[in-house]
Amino acid sequence: RDAWEPAVLFQSIRAMPKLVHIVMFQFREGVTATDVQTVGDMLRALPQTIPQIVKYEFGPDAKTGFATHHYAVRGEFASVEDFTVYQKHDKHTEFVAFLKELVVDGSRAAVQMWVD
């Protein structure tokens with residue numbers, strides 16, 4: 001089969017592992033619904049400014065049972081280099097500075113993992 005055939009291309013793209021970045025945190029007492037909305041608005045803008053983000057998902061805890069964190073973010077990146085660009089990007093560092101004012105000290109948890 002021709003390597004440029006759509007089915008072959010799709011299989012090779014699908015088989016490429018992605019670096020997944022997951023962050024969870026707790027909001028401080030007194031954080032308002034407007035603050036949480038601003039967090040979402042700022043996160044929503046990041047993929048439009050940082051092309052290295054392959055996929056971005058985020059939101060508050062769904063309150064379906066026991067939870068240790070109030071909010072989570074999940075991002076996908078094609079490489080460690082792309083993730084590093086994201087981490088150092090001005091809009092991301094601006095978001096992190098804003099978020100630090102809203103988050104309980106020491107409540108942030110993060111993990112990076114490879115997925116197919």
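The values are calculated or read from the model by the stated rules, or taken from the named source; none is laboratory data. Predicted, not measured: the structure shown is a model, and the values here were computed from it. Positions of Cβ are generated from backbone atoms using ideal geometry, with glycine treated the same way; all protein chains shown enter the neighbour counts. The area values use the complete protein model at the heavy-atom level, side chains included, leaving out ligands, DNA and RNA. Shrake-Rupley method; radii C 1.70, N 1.55, O 1.52, S 1.80 Å.
Annotation note: of V54, V73, V36, V20, the sole residue that is touching a Phe, Trp or Tyr at 6+ places or on another chain (Cβ under 8 Å), at pLDDT 95 or above, surrounded by fewer than 17 Cβ atoms within 10 Å (Cβ to Cβ) and closer than 16 Å to M113 by Cα is V54. Any residue at all in the range 54-67 that is part of a helix (DSSP H, G or I) and either of a type in the set (A, V, I, L, M, F, W, C) or farther than 22 Å from D105 by Cβ (or both)? Among the residues of the range 54-67, not one is part of a helix (DSSP H, G or I) and either of a type in the set (A, V, I, L, M, F, W, C) or farther than 22 Å from D105 by Cβ (or both), which makes the answer no.
Considering each residue of the range 29-50 in turn, none proves to be more than 19 Å from P17 (Cα to Cα) and touching an Asp or Glu at 6+ places or on another chain (Cβ under 7 Å).
Take E94 and tell me if it is in a helix (DSSP H, G or I) and either touching a Gly at 6+ places or on another chain (Cβ under 7 Å) or under 18 Å from G40 (Cα atoms) (or both). So E94 passes the test.
Looking across the range 85-107 at every residue that is over 16 Å from V31 (Cα atoms) and of a type in the set (D, E, K, R), the one that is most open to solvent (accessible area, probe 1.4 Å) is identified as K88. Show the residue pairs meeting these rules: Cβ distance below 7 Å; 6+ apart or different chains; first residue within the range 73-87 and on the phi < 0 side of the Ramachandran plot; second residue open to solvent by 40 Å² or more (accessible area, probe 1.4 Å) and of a type in the set (G, A, S). Within 7 Å, no pair qualifies.
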